[in-house]
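Enquirer: Please find one structure pasted underneath; my questions will follow.
The values are calculated or read from the model by the stated rules, or taken from the named source; none is laboratory data. Since we're looking at a predicted model, the values are computed, not measured. Every residue, glycine among them, receives a Cβ derived from its backbone with ideal geometry; neighbour counts consider all protein chains shown.
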Amino acid sequence: MEQRFLLEGQALCKLMLPTGDRTFVAYNMPDNAYMTGIYLGTLAKKYAVTKADADLEKARETLRALHKLCTVSGRKGLLARAFWPKDRPLADDGGWRETADKQYLWRGDVSSDQMDGTVYGFAFAYDLFANVEEKKLIGETVAALVDYVEGHGRLILDIDDTPTQWGRYTPEHVRMREKMNALLWLQLVKVAHHTTGEERFAALYRKCALDEGYAEIAVEARPSRPPQRANHSDDVLLFLAYEPLLHLEEDPQLRELYLKSLRRSWEGDGEYPGVKPEANPFYTFVVVKYLGEISELENGLNTLRWFPLDIKWNRNTIAGYEQKFSFSFDPAVRSPEPAEAAPTPIDRRVKDWSCWVQNPYRSAGSRAEDSPLEFNGHDYMLAYWTGRYYGFVSPELQ
């Protein structure tokens, strides 16, 4: 991660190797804010476990990067998907704009995904390592994000004052289109209150959760669909919201609704299964922590054990790391053959930028051929350090 997937603490997405037409390493960056938030939350948990000064400094560098993502647009409260030094070569398919100081470019059209990951990172940074000044900065930054959306009718407006494609939290939208966004909005407002202590955010939270019914709506945040058609990207967003909400919520009525929502996402709705069969270690650790459900713990740990390096990197990259760190990677499949229609174990899946976003019901295949793309390991690290933080993974676990 540190060698090839960070820029000033910002977590970069898909690494594009040089081609005949392009001599430099490039990145496709639609999800940098989302990923930087996840990486910050991961580093916060890692520091809480290790208490190492080096881990604290890395976490602080990424905190600064996430703050820059929240301010680089020049409009208070408008998050950017990514930032990039103007003097470095760039090859990306997004829409980029120049900063006022002409030092950076920033990518717009931010989504609820980016907000979710960003606030996830701020929540754990605030609680697990931030000093007084950093806590103040986090509170001000999260407050600006929430004020911006609430001030524009619960829409994320881009720099041209038009709503972004995936930035809607209005009552009508969460009731009729995306119940998930009710949960994501409650996460944002709850963390704003937690990090600022301002009563106005507590009032807004109660208004949304209770008066406008967002907490009830959030019970069905995960749509009822056959598992092959489920939106696994949204599943990640749900669990990034569940964890801070359940960590912070003390009201028995609201807490019970969030637990009900978590259980439904985990077990399913009676017609279709939830994420329980997928052996996702991040989801599993959250469920063990907040529902006390341990039946899938060993399967989640096996996903960490079997996680293959070539699901992220090409052979020459792996060979370089083998030499540097004195190990030998064995690409052989270790998992048992899955039952028909069951999820594909992690070591039988194709290469992907996020193995938690990846649909495990449709991702079986060979990784024998190299790809022009390589990816970071934010998904593995999030799961591993969540497990370490909650005590479900020991340092000696093999």
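Enquirer: For segment 86-108, name all the residues that are touching a residue at least 60 places away in the same chain (Cβ under 8 Å) and under 21 Å from residue 34 (Cβ atoms). Before the answer, list the steps.
Expert: We begin by selecting, within segment 86-108, every residue touching a residue at least 60 places away in the same chain (Cβ under 8 Å); these are 89-94, 97, 107.
Within segment 86-108, 90, 91, 92, 93, 94, 97, 107 qualify.
Enquirer: For residue 221, work out the one condition from (1) of a type outside the set (Val, Ile, Thr); (2) within 20 Å of the chain's Cα centre (by Cα); (3) in a helix (DSSP H, G or I) it doesn't fulfil.
Expert: (3)
Enquirer: Could you grab me the full set of residues in segment 373-398 that are part of a loop (DSSP other than H, G, I, E, B) and at pLDDT 95 or above? Spell out how you get there, then give the answer.
Expert: Pass one, segment 373-398, residues part of a loop (DSSP other than H, G, I, E, B): 375-377, 391-398.
Selection gives 375, 376, 377, 391, 392, 393.
Enquirer: Assess whether residue 19 counts as being polar (S, T, N, Q), out of contact with any Ser or Thr (no Cβ under 8 Å at 6 or more places or on another chain) and touching a residue at least 12 places away in the same chain (Cβ under 8 Å). Full working, then the answer.
Expert: Values: polar (S, T, N, Q): yes; out of contact with any Ser or Thr (no Cβ under 8 Å at 6 or more places or on another chain): yes; touching a residue at least 12 places away in the same chain (Cβ under 8 Å): yes.
Yes: the conditions hold for residue 19.
Enquirer: OK, next. Residue under question is residue 209, and the condition is that it be assigned to a loop (DSSP other than H, G, I, E, B) and in contact (Cβ under 8 Å) with a residue 12 or more places away in the chain; does it hold?
Expert: Working: assigned to a loop (DSSP other than H, G, I, E, B): no; in contact (Cβ under 8 Å) with a residue 12 or more places away in the chain: yes.
Taking the combined requirement at face value, the residue does not satisfy it.
Enquirer: Please go through segment 355-378 and pick out each residue that is surrounded by 20 or more Cβ atoms within 10 Å (Cβ to Cβ) and either among the β-branched types (Val, Ile, Thr) or out of contact with any strand residue (DSSP E or B) (no Cβ under 9 Å at 6 or more places or on another chain) (or both).
Expert: 356
Enquirer: Additional query: Any residue in segment 96-107 that is under 18 Å from the mean Cα position of the chain (by Cα), in a loop (DSSP other than H, G, I, E, B) and over 25 Å from residue 194 (Cβ atoms)?
Expert: No: zero hits.
Enquirer: OK, next. Run residue 17 past the list (1) farther than 21 Å from residue 138 by Cα; (2) crowded, with 19+ Cβ neighbours inside 10 Å; (3) of a type outside the set (S, T, N, Q) and report the number of the one that doesn't hold.
Expert: (2)
Enquirer: For segment 359-370, indicate whether the set of residues that are among the aromatic types (Phe, Trp, Tyr), in contact (Cβ under 8 Å) with a residue 60 or more places away in the chain and closer than 23 Å to residue 10 by Cα is non-empty.
Expert: Step one: filter segment 359-370 for residues among the aromatic types (Phe, Trp, Tyr), giving 361.
Going one step further and asking which of them are in contact (Cβ under 8 Å) with a residue 60 or more places away in the chain, we end up with 361.
If we keep only those that are closer than 23 Å to residue 10 by Cα too, we end up with none.
The answer is no, given that none of the residues of segment 359-370 is among the aromatic types (Phe, Trp, Tyr), in contact (Cβ under 8 Å) with a residue 60 or more places away in the chain and closer than 23 Å to residue 10 by Cα.
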